[in-house]
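Below is one structure, written out as structure tokens; comments come after it.
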Amino acid sequence: VWTLFDISTAEQVLERIWNWMDSERTAERERLMIREIDHRAKNALAVVQAVIRLTLAEDISSFREKIEGRVAALTRTHDLLSAKRWEPIEFGILVHREIEAYRPESSDLIEIQGPRVLLRSEQAQTIALLLHELTTNAAKYGALSMAGGRLSVHWRMQDGSLVLDWDETLVATDRGSDVIMSAG
């Protein structure tokens, strides 16, 4: 026969055990989160270090411009990944996000098309840098740098690999007539 005192004591002991278990679970989640944040921070810094090391420029001003653009591309990708809680992200979203800043008013000059392809976070950061370089070059020297230039970005999966077709069509004037050049 349990007395009210016995029941009250058992309830208090169980409540204390439950609270202790809950605080241990919370502490373990915090330890895991701190390790994950530490791991991601180290990876991000390693990527930035590699970007700096691999950046070539004629002078400090162009070096700064290149670094700022590349770090901005990493930041845009980080924002996307963070919003998706570091789940895989669609390749097409990366393409649209990078080209968005250079899209001329007439959007029919840029064609972007491909199937839904998911990338892991590590892949997304590297590919975002590649897309940034292609877009920057198109804006400075290619299809996005001149009136009438066209950019076509298509991708597909082939034998388990992502294949990107980046085609730029340039229009140059030569003695009063247009010369159309295409580079892929």
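The values are calculated or read from the model by the stated rules, or taken from the named source; none is laboratory data. Computed from a predicted structure; not experimentally measured. Note that we place each Cβ from the backbone using ideal geometry, even for glycine, and neighbour counts take in every protein chain shown. In case anyone asks, the SASA skips ligands and DNA or RNA and just uses the protein heavy atoms, side chains included. Shrake-Rupley method; radii C 1.70, N 1.55, O 1.52, S 1.80 Å.
Points worth noting:
- Residue check, GLU28 assigned to a helix (DSSP H, G or I), open to solvent by 80 Å² or more (accessible area, probe 1.4 Å) and over 30 Å from LEU130 (Cα atoms): no
- Failed item in (1) part of a helix (DSSP H, G or I); (2) open to solvent by less than 60 Å² (accessible area, probe 1.4 Å), with THR126 passing the rest: (2)
This table checks each residue for (1) farther than 27 Å from TRP155 by Cα; (2) among the aliphatic types (A, V, I, L, M).
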{"position": "SER8", "(1), (2)": "yes, no"}
{"position": "VAL13", "(1), (2)": "yes, yes"}
{"position": "TRP18", "(1), (2)": "yes, no"}
{"position": "ARG31", "(1), (2)": "yes, no"}
{"position": "VAL47", "(1), (2)": "no, yes"}
{"position": "GLY69", "(1), (2)": "no, no"}
{"position": "GLY92", "(1), (2)": "no, no"}
{"position": "HIS96", "(1), (2)": "no, no"}
{"position": "ILE110", "(1), (2)": "no, yes"}
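Table: residues versus (1) in contact with a Lys or Arg (Cβ under 6 Å, 6 or more places away or on another chain); (2) free of Cβ contacts under 8 Å to residues at least 24 places away in the same chain; (3) polar (S, T, N, Q); (4) assigned to a helix (DSSP H, G or I).
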site: LYS66; (1), (2), (3), (4): no, yes, no, yes
site: LEU81; (1), (2), (3), (4): no, no, no, yes
site: VAL95; (1), (2), (3), (4): no, no, no, yes
site: ILE99; (1), (2), (3), (4): no, no, no, yes
site: PRO115; (1), (2), (3), (4): no, no, no, no
